[in-house]
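Take a look at the structure set out below.
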Amino acid sequence: MTPTVLRQLWSVVETTQSNTLLKLDDAHLVQWLLKQTRLKTSLNQSELEILSDYIRSRLNLIRDLAENRQAF
């Protein structure tokens, strides 16, 4: 996974409304973030699988960030 793809993903996380990130279950959140990231950058199947695994491993962090933003 390239640094550009990672930046795109975290840009999506940061610009998405917190309630959107918090209301989706794990599977739907992963799919939603993949879709939004793919709109910003071209990804092949292998990159999608790697990014999907990465997102799954960071779901708690993504939700924590969304909760913290919502608190302010």
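The values are calculated or read from the model by the stated rules, or taken from the named source; none is laboratory data. The structure presented is a predicted model; accordingly, all values stated were derived computationally and were not measured. Side chains are part of the model used for accessible areas, which takes the heavy atoms of the whole protein and leaves out ligands, DNA and RNA. Shrake-Rupley method; radii C 1.70, N 1.55, O 1.52, S 1.80 Å.
Key figures
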quantity: Largest to smallest accessible area among 37, 4 [probe 1.4 Å]; calculated: 4, 37
quantity: Carbon and sulfur %, accessible surface of the chain computed with the full protein complex present, 1.4 Å; calculated: 49 percent
quantity: Helix axis angle, 26-40 relative to the chain longest principal axis, alpha carbon, degrees; calculated: 60 degrees
quantity: Residues of the chain: accessible area per residue with a 1.4 Å probe, Å²; calculated: 65 Å²
quantity: Rg/Rh for the chain, where both radii come from Cα atoms and Rh is the Kirkwood radius; calculated: 0.95
quantity: Angle in degrees between helix 59-71 and the longest Cα principal axis of the chain, rounded to the nearest 10; calculated: 40 degrees
